[in-house]
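Q: So that we are looking at the same thing, I have put the structure below in structure tokens.
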Amino acid sequence: MTKKKNPEDLNKRGRPTDEYDNGDLSAHLAGIVHLKDLNFEAQTIIRKTVKEFNDKTNSDRAYDTKSILFLVVRLSRVTTASVKQTIDSSDKFDCSDYGKTSVNNYKQVLVAVAKRLSELKEKKGTIRKDQRNGEEYYSDSQLLKLISLMEEGGSVSAIDMMIEEFKKEIKGN
């Protein structure tokens, strides 16, 4: 008599799960929320890739560049299950329950965008606006704080203190 195997020990049939490793790009883009935080080439890649896919599928639902950027930043390992979980749990997506086809389409767009952005990152070194050529730059919010302090007529010591705080924030990240 043969012993029955545990379900975990059985080999799964069918295609192996496709998993795309997006860890490096996701780590590089950590903290990015808006498309404007990326350099021009990266913005163009995202827009063109999403537009190409929208034109190719002829679906009634267009894929939003903001939601694709959100997924690229959020997911370090791209699988169908991780895309579905992120879409279902996030309030950035309009529908609460996406079907298998929609999730697979999101995954295809996401992987295409991630591959193209990774290639650009390898060529340019960075695709963020706040880090040009490996140097560190102040974020938009930090610049706004500094400009408002200067417009209010802040003293030199107050401006220097604010800049020191920004340097500590940058080193902390």
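Every number here is computed from the coordinates shown, using simple stated rules; none is lab data. Everything numeric here is computed off the predicted structure, so don't read it as measured data. Positions of Cβ are generated from backbone atoms using ideal geometry, with glycine treated the same way; all protein chains shown enter the neighbour counts.
Q: What list of ³J(HN,Hα) couplings, whole Hz, do you get for region 156-163 from phi and the Karplus terms 6.51, -1.76, 1.60, once you set θ to phi - 60° and write x for glycine and proline?
A: For region 156-163, the Karplus curve yields 4, 5, 5, 5, 4, 5, 5, 5 Hz.
Q: Run the numbers for Glu151 and Arg77: contour at 0.36 nm per residue of separation, minus the present Cα-Cα distance, in nm. Please report the intermediate quantities before stating the final value.
A: On the way: separation 74, 0.36 × 74 = 26.64 nm, distance 4.48 nm.
My answer for the length gained is 22.2 nm.
Q: Each label point is 7 Å from the Cα along the Cα-to-Cβ direction; what then is the distance between the points at Gln85 and Asn58, in nm?
A: Taking the two extended label points, one gets 3.6 nm.
Q: Long-range amide H contacts for Leu38: which residues qualify at under 5 Å (H placed 1.01 Å from N, peptide plane, sequence gap of 5 or more or a different chain)?
A: Under 5 Å from the amide H of Leu38: Lys129.
Q: Could you work out how much longer the chain between His34 and Ser141 gets when fully extended? Use 0.36 nm per residue separation minus the Cα distance between them, nm to one decimal.
A: So the chain would gain 37.3 nm between His34 and Ser141.
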